[in-house]
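S.K.: For reference, the structure I am asking about is given below.
The values are calculated or read from the model by the stated rules, or taken from the named source; none is laboratory data. All of these numbers come straight from a predicted model, not from anything done at the bench. No Cβ is skipped: glycine too gets one built from the backbone with ideal geometry, and neighbour counts run over all protein chains shown. Each accessible area value is taken on the protein alone, full model and side chains, heavy atoms only, with ligands, DNA and RNA left out. Shrake-Rupley method; radii C 1.70, N 1.55, O 1.52, S 1.80 Å.
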Amino acid sequence: HIINDTLRCDVILTHPPYLIALSALHMSSVIHNNDNAMKWFSELTISIEKITQVSQQIIQLYELWRGFEEKKEIPAILFRMPRPRMSHSGSLAGSRCSTPSGMR
């Protein structure tokens, strides 16, 4: 699940995929207290600081989710969104989209 969760934040834009995968493996090994994985990580040529940096960003996402109350916050977000303006003909005002010639 950790890898899927990274798709919901900017980690995938700021770090290479192999580093995200290693971070997810590291987080999973810490959660499950896997000593064999820890030995494997100590033998990697990638610095553990880079892996920890990505892991911290993923953890920040989980902390954000923990404090997010969807039923309370979504209506406020939707209220602030701009509404499309409709013209008298029923189409969107200022729309530059045109109907293809064969579809009229």
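S.K.: Take region 49-76 and flag every residue that is open to solvent by less than 70 Å² (accessible area, probe 1.4 Å) and modelled with pLDDT of 75 or more. Steps first, please.
M.R.: Step one: list which residues in region 49-76 are open to solvent by less than 70 Å² (accessible area, probe 1.4 Å), which gives 51-52, 54-55, 57-59, 61-62, 67, 73-74, 76.
Within region 49-76, Ile51, Thr52, Val54, Ser55, Gln57, Ile58, Ile59, Leu61, Tyr62, Gly67, Ile74, Ala76 qualify.
S.K.: Follow-up question, since we're still on this one. Those residues that are at pLDDT below 80 and open to solvent by 100 Å² or more (accessible area, probe 1.4 Å), I need them from region 77-88; list them, please.
M.R.: Scanning region 77-88 gives Arg85, Met86, His88.
Condition check ((1) surrounded by 12 or more Cβ atoms within 10 Å (Cβ to Cβ); (2) modelled with pLDDT of 90 or more; (3) not in a helix (DSSP H, G or I)) across all residues:
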{"position": "Cys9", "(1), (2), (3)": "yes, no, yes"}
{"position": "Tyr18", "(1), (2), (3)": "no, yes, no"}
{"position": "Ala21", "(1), (2), (3)": "yes, yes, no"}
{"position": "Ala24", "(1), (2), (3)": "yes, yes, no"}
{"position": "Ser29", "(1), (2), (3)": "yes, no, no"}
{"position": "Ala37", "(1), (2), (3)": "yes, no, no"}
{"position": "Leu44", "(1), (2), (3)": "no, no, yes"}
